[in-house]
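Peer 1: My questions will all concern the structure given below.
Just so it is clear, none of the values below were taken in a lab; they were calculated from the coordinates. Values in this document were obtained by computation on a predicted structure and should not be read as measured data. Here the Cβ is made from the backbone with ideal geometry for all residues, glycine too, and neighbour counts use every protein chain on show.
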Amino acid sequence: MAVARAYAAVHGRLLPPTTAVWDGHPIGVWAKNARAGARRARENEELRAAGLPVPSAAEAMTEARQDELDAIDPGWCPDWDTGWQRCYRLVQNHVQAGGTLPMADGEVVVQGEDLGRWVNAQRFGWDPLLPVRQWILENTLGSRRPRKTSGR
């Protein structure tokens, strides 16, 4: 847990790529396995709530462990692709540090991620985004789908 805290303190989030190594520890693989354990626990809880048998509690993360990780980074285990969450958090950190929302490809690249390209992909691919993602983008980054222009 100390390695997770140290990684998050430096990066502003606990969403390391799978290949990440921090202070000699494979934090990326560890975080991926932790997310799998949290998802297993969530699936087991859904089965219990539906009155269905739970095949096994093995590999499921305890609620106390999830709470510890939530305290480090509430977004450490998103319901969606971690690549999306990682780029979102990089953009959020950039904006919170005083930067502007990148709107052009190549404008801002952080940790190998082209944030302008990612923002534009969200804006121009707005309709298929989950409503929760649309809400997050609008309310935390001020990003919206591009306005339609009338063809005259």
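Peer 1: Amide H to amide H, which residues 5 or more places from VAL110 or on other chains are under 5 Å from it, using H placed in the peptide plane?
Peer 2: LEU115
Peer 1: Could you calculate the FRET efficiency of ASP81 with ARG147 from 1/(1 + (r/R0)^6), where r is the beta carbon distance between them and R0 is 22 Å, rounded to 0.05?
Peer 2: FRET efficiency, ASP81 to ARG147: 0.20.
Peer 1: Give, rounded to the nearest 20 debye, the magnitude of the charge dipole that the range 2-72 has about its Cα centre when Lys and Arg contribute +1 at Cβ and Asp and Glu contribute -1 at Cβ.
Peer 2: Once rounded to the nearest 20, the dipole reads 180 debye.
Peer 1: What number comes out for the charge environment of ARG117, summing +1 per Lys or Arg and -1 per Asp or Glu over other residues with Cβ under 13 Å away?
Peer 2: That works out to -3.
Peer 1: If you average the sequence gap of Cα pairs under 8 Å that are 6 or more apart and divide by the length of the range 1-46, what percent do you get for the contact order?
Peer 2: 26 percent
Peer 1: Now, a different point. I'd like the per residue volume of the convex hull spanned by the Cα atoms of the range 54-112, given in cubic angstrom.
Peer 2: Working: hull volume 7.0 nm³, N = 59.
So the per-residue Cα hull volume is 118 Å³.
Peer 1: Of the candidates ARG40, ARG13, ARG48, which one comes out as most mobile in a Gaussian network treatment of the chain with C-alpha springs shorter than 10 Å?
Peer 2: Greatest mean-square fluctuation among the candidates belongs to ARG48.
Peer 1: How much length would be gained if the chain were fully extended between ASN33 and ARG5, taking 0.36 nm per residue of separation minus their Cα-Cα distance, in nm to one decimal?
Peer 2: Result for the pair: 8.4 nm of gain on full extension.
Peer 1: I would also like to ask the following. Could you work out how far apart the two model spin labels at ALA104 and ALA121 are, taking each label as a point 7 Å from the Cα in the direction of the beta carbon, and quote it in nm?
Peer 2: According to this spin-label approximation, the distance is 2.1 nm.
Peer 1: Let me ask something additional. Quick one: Debye curve from the alpha-carbon atoms of the range 2-72 only, equal weights, vacuum; give me log10 I(q)/I(0) at q = 0.13, 0.22, 0.27 Å⁻¹ to two decimals.
Peer 2: Evaluating at q = 0.13, 0.22, 0.27 Å⁻¹ gives log10 I(q)/I(0) of -0.43, -0.92, -1.18.
Peer 1: Further, regarding this structure: So what is the relative contact order for the chain, in percent, with contacts set as C-alpha pairs under 8 Å and at least six apart?
Peer 2: Relative contact order, the chain: 15 percent.
Peer 1: Would you work out the charge dipole size for the chain about its Cα centre, treating the Cβ of every Lys and Arg as +1 and the Cβ of every Asp and Glu as -1, and quote it to the nearest 20 debye?
Peer 2: Roughly 600 debye for the chain.
Peer 1: What does the charge count near ILE27 come to, summing +1 for each Lys or Arg and -1 for each Asp or Glu among other residues with Cβ under 13 Å from its Cβ? Don't skip to the answer; put the middle values down first.
Peer 2: On the way: positive: ARG5, ARG13, LYS32, ARG35; negative: ASP23, ASP73.
Combined, the nearby Lys, Arg, Asp and Glu give +2.
Peer 1: Take every Cα pair under 8 Å in the range 82-141 that's 6+ residues apart, average their separations, divide by the length, and report that relative contact order as a whole percent.
Peer 2: About 26 percent, as a whole number.
Peer 1: For the chain, what is the convex hull volume of the alpha-carbon atoms per residue, in Å³?
Peer 2: Convex hull volume per residue, Cα atoms: 144 Å³.
Peer 1: Using +1 at the C-beta of Lys and Arg and -1 at the C-beta of Asp and Glu, which of ASN44, THR62, VAL21 has the Cα lying farthest in the positive direction of the dipole of the range 2-72?
Peer 2: It is VAL21, whose Cα lies furthest towards the positive end.
Peer 1: Please report, largest first and rounded to whole Å, the three semi-axes of the ellipsoid equivalent to the range 82-141, where each semi-axis is the square root of five times an eigenvalue of the C-alpha gyration tensor.
Peer 2: Semi-axes (√(5λ), whole Å): 17, 12, 11.
Peer 1: To continue, here is another question. Helix-derived [θ] at 222 nm for the chain: sum -39500 (n - 2.57) over DSSP H runs of at least 4, divide by residue count, nearest 500?
Peer 2: The per-residue figure over the chain is -15000 deg cm²/dmol.
Peer 1: On to the next question. Quick one: if you stick a label point 7 Å off each Cα along the C-beta vector at VAL21 and THR140, how many nm between them?
Peer 2: In this crude label model, VAL21 to THR140 measures out at 3.1 nm.
Peer 1: Another question about this same structure. Between GLU43 and ASN93, what FRET efficiency follows from the Cβ-Cβ distance if R0 is 41 Å, with the result rounded to 0.05?
Peer 2: That gives a FRET efficiency of 0.85.
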